[in-house]
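Please read the structure below before turning to the comments.
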Amino acid sequence: MKPAPFTYYCPDTLDEAVRLLHEHGDDGKILAGGQSLMPLMSLRLARPAVIVDMNRVPGLDRIAVNGDGGLSIGAMTRQRAIERDAALAERNPLLAAAVPLIGHFQIRNRGTVGGSLVHADPASELPAVSVTLGADFVLASAAGERVVSAEDFYLGYMATACEANEVLTEVRVPAWKAGRLWAIDEVARRKGDFAMAGVALWVDMDGGACADARITLFGVGGKPVRVEKAEQHLKGAALDDATLKEVERIVFEELEPDSDIHASALYRKEVGGVLTRRALGAAAARGTEAA
Ligand SMILES: Cc1cc2nc3c(=O)[nH]c(=O)nc-3n(C[C@H](O)[C@H](O)[C@H](O)COP(=O)(O)OP(=O)(O)OC[C@H]3O[C@@H](n4cnc5c(N)ncnc54)[C@H](O)[C@@H]3O)c2cc1C
């Protein structure tokens, strides 16, 4: 099918884009890489009256290192640009490892970081990774700028704090701690498919014990699911078999996924627990290799 008729704007500046969104309110929709929006429009599951194409707006595809070692990533940065940035992989290995799990390279060539974050498919990798990393999102509108944490950004099934008149312009990722252990893993029916369940996590160790940890699962709820009970259990513990098995149990207990045509709720709970245990094992192995 073809999209329903719409008016197309291709602004040259962020100010103009923001003005157009302000003018058209709920009728307007931003076009970034088009990898999610265009299929939805072609299937007429989305029928925006106005499209505001961000592809000519300069300055939104920059990856910069902040003074504190954190990253500032423009919302229009292609997913593939992250994947190909060797320096970024040094600065944030978890983010670098997440991107190749997104669809296929043709999709990542066009798909943007901001598009994935705002589209907010609960099975997407980047929303969960941004929660795990404690990222902040910068939203611009005619009223100015505001900053929302990734954790507050995701409200429910494909629902975010981004209003119809706002543009996500930048993602701020805190500096990566030296020696941090990490892993990301997922189960999908075929390579490139959306995950049926996945996990992104990091662990900071102090000697042989966990000092701090973040665990976020995706594909197991309406939005990224941070499992704070499991994080608490890890604190002060060694990453041994007993700890990992208990974390698996906690994750299983905490998850409340829905069943759908891809997998039952019980399957997702079980896979969520097992993936978390395995990912912690992989993170621990990284620590052993580095020692
Ligand atoms: C076959 C296939 C497989 C895929 N597999 C995966 C996968 O495994 N994992 C995964 O995470 N994704 C997957 N995707 C989706 C892909 O990552 C998309 O690129 C992404 O979801 C949307 O990014 P985009 O830049 O294409 O955004 P678009 O499609 O252009 O926009 C998506 C939505 O976000 C809004 N938006 C975009 N940018 C902004 C902004 N800066 N500010 C405010 N709103 C904005 C748009 O208005 C629209 O509502 C897949 C897509 C396809 C077609």
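The values are calculated or read from the model by the stated rules, or taken from the named source; none is laboratory data. Here the structure is a predicted model, which is why all the values come from computation and not from measurement. Ideal geometry is used to build each Cβ from the backbone, glycine not excepted, and the neighbour counts take in all protein chains shown.
For the reader, a short list of remarks on this structure follows.
- The residue of the stretch 178-210 that is farthest from Leu244 (Cα to Cα), among those that are away from the ligand (no atom under 14 Å from the Cβ) and part of a loop (DSSP other than H, G, I, E, B), is Ala178.
- Among the residues of the stretch 206-261, those identified as surrounded by fewer than 14 Cβ atoms within 10 Å (Cβ to Cβ), over 28 Å from Asp121 (Cβ atoms) and among the small types (Gly, Ala, Ser) are Gly207, Gly208, Ala209, Ala211, Gly236, Ala242.
Yes/no per residue for (1) in contact with an Asp or Glu (Cβ under 9 Å, 6 or more places away or on another chain); (2) within 20 Å of Thr7 (Cβ to Cβ); (3) at pLDDT 95 or above:
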| position | (1), (2), (3) |
| --- | --- |
| Val18 | yes, yes, yes |
| His24 | no, yes, yes |
| Met38 | no, yes, yes |
| Ser42 | no, yes, yes |
| Pro48 | yes, yes, yes |
| Arg56 | yes, yes, yes |
| Val65 | no, no, yes |
| Gln79 | no, no, yes |
| Leu88 | no, no, yes |
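- Of the residues making up the stretch 246-260, none is of a type in the set (Phe, Trp, Tyr), part of a helix (DSSP H, G or I) and in contact (Cβ under 8 Å) with a residue 24 or more places away in the chain.
- Which numbered condition Ala209 misses (of (1) under 25 Å from Thr276 (Cα atoms); (2) in contact (Cβ under 8 Å) with a residue 60 or more places away in the chain): (2)
- Meets criteria (crowded, with 21+ Cβ neighbours inside 10 Å and under 23 Å from Ala283 (Cβ atoms)) for Leu117: no
- Screening the stretch 8-28 for residues that are without any contact (Cβ under 8 Å) to a residue 60 or more places away in the chain and of a type in the set (A, V, I, L, M, F, W, C) and picking the one that is surrounded by the most Cβ atoms within 10 Å (Cβ to Cβ) gives Leu20.
- For beta carbons closer than 6 Å, sequence separation of 6+ or different chains, a first residue in the stretch 266-284 that is over 13 Å from Glu186 (Cβ atoms) and touching a residue at least 12 places away in the same chain (Cβ under 8 Å) and a second that is in a helix (DSSP H, G or I) and of a type in the set (Val, Ile, Thr), the qualifying pairs are Gly273/Val251.
- Some residue of the stretch 101-112 being under 16 Å from Pro224 (Cβ atoms) and among the hydrophobic types (A, V, I, L, M, F, W, C): yes
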